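What follows is a short report on a single structure.
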Amino acid sequence: MRAVARLVFTHAFAEEAVLFPAARRALPEGDLLTLRIETDHQEVDELVTRLDRSSAEDPGRSALLERTFAVLDEDVRTEEDELRPACSRSSVRAGSGCWGGSGSWCGGSRRPGPPVVSRRPPGQTLSALPLTVLDRSRDRLQQLDERTGGIAEKTLSSVDRVLAATAGAVERLPPMRRGERPETSR
């Protein structure tokens, strides 16, 4: 689940930092469309946070997993069936990249995203560095746990929880929340 979460958060962060601002500027429906997707991202963030706090034995974990993957599927469908074609038709340019006529993304950035992140500048920009460091640290702990066969799992899990709590505190600092819309600020 952590490997999936890393990919999902990286993807969402790149969309929100690079593609969505360009789509909001270029598409008449850009603001509403990106807001719908951001709302899906927020729900996934919340579900993954709940999954992180649960154990494999928790009776509601299976339902959380099912809901998480259902929202991810809905998010992908919205992006592929609505956002991508709209951006392709308009040749939306974002940063050093663009959505070309073929509908393929070229360029852009790939940056790690933590479980909850301010979705729009300036908060998104301010939170990127400290949250990236914390997120990468958690990734390294997971890799260490996997390489050592879980022999230090309790200790590493404790450190991971401290890092997660620290990220949560950073995310909720008032400057980090600036630019957030009420629909995605929970």
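List the number of the failed condition for F13; all other conditions in (1) open to solvent by 60 Å² or more (accessible area, probe 1.4 Å); (2) within 14 Å of the chain's Cα centre (by Cα); (3) within 18 Å of G168 (Cβ to Cβ) hold.
That leaves (1) as the condition not met.
Within the range 71-87, how many residues are more than 17 Å from F20 (Cβ to Cβ) and either open to solvent by less than 50 Å² (accessible area, probe 1.4 Å) or in contact (Cβ under 8 Å) with a residue 40 or more places away in the chain (or both)?
2
Show the residue pairs meeting these rules: Cβ distance below 9 Å; 6+ apart or different chains; first residue within the range 131-154 and within 12 Å of R6 (Cβ to Cβ) and touching a residue at least 60 places away in the same chain (Cβ under 8 Å); second residue open to solvent by 40 Å² or more (accessible area, probe 1.4 Å) and not aliphatic (A, V, I, L, M).
D135/R6; D139/R2; D139/R6; Q142/R2; Q142/R6
Open to solvent by 60 Å² or more (accessible area, probe 1.4 Å), touching a helix residue (DSSP H, G or I) at 6+ places or on another chain (Cβ under 7 Å), assigned to a helix (DSSP H, G or I) and under 18 Å from S90 (Cβ atoms): which single residue out of R36, R50 fits that description?
Answer to the check: R36.
So, in the range 53-70, of the ones that are open to solvent by 80 Å² or more (accessible area, probe 1.4 Å) and modelled with pLDDT under 90, which residue ends up nearest to L7 (Cα to Cα)?
Only one residue tops the list, namely R53.
Do we have S127 as open to solvent by 20 Å² or more (accessible area, probe 1.4 Å), part of a helix (DSSP H, G or I) and at pLDDT 50 or above here?
It is false that S127 is open to solvent by 20 Å² or more (accessible area, probe 1.4 Å), part of a helix (DSSP H, G or I) and at pLDDT 50 or above.
The values are calculated or read from the model by the stated rules, or taken from the named source; none is laboratory data. Treat the numbers as computed from the prediction; the structure is a model and nothing was measured. Cβ coordinates were reconstructed from backbone atoms using ideal geometry, including for glycine residues, and neighbour counts include every protein chain displayed. The area values use the complete protein model at the heavy-atom level, side chains included, leaving out ligands, DNA and RNA. Shrake-Rupley method; radii C 1.70, N 1.55, O 1.52, S 1.80 Å.
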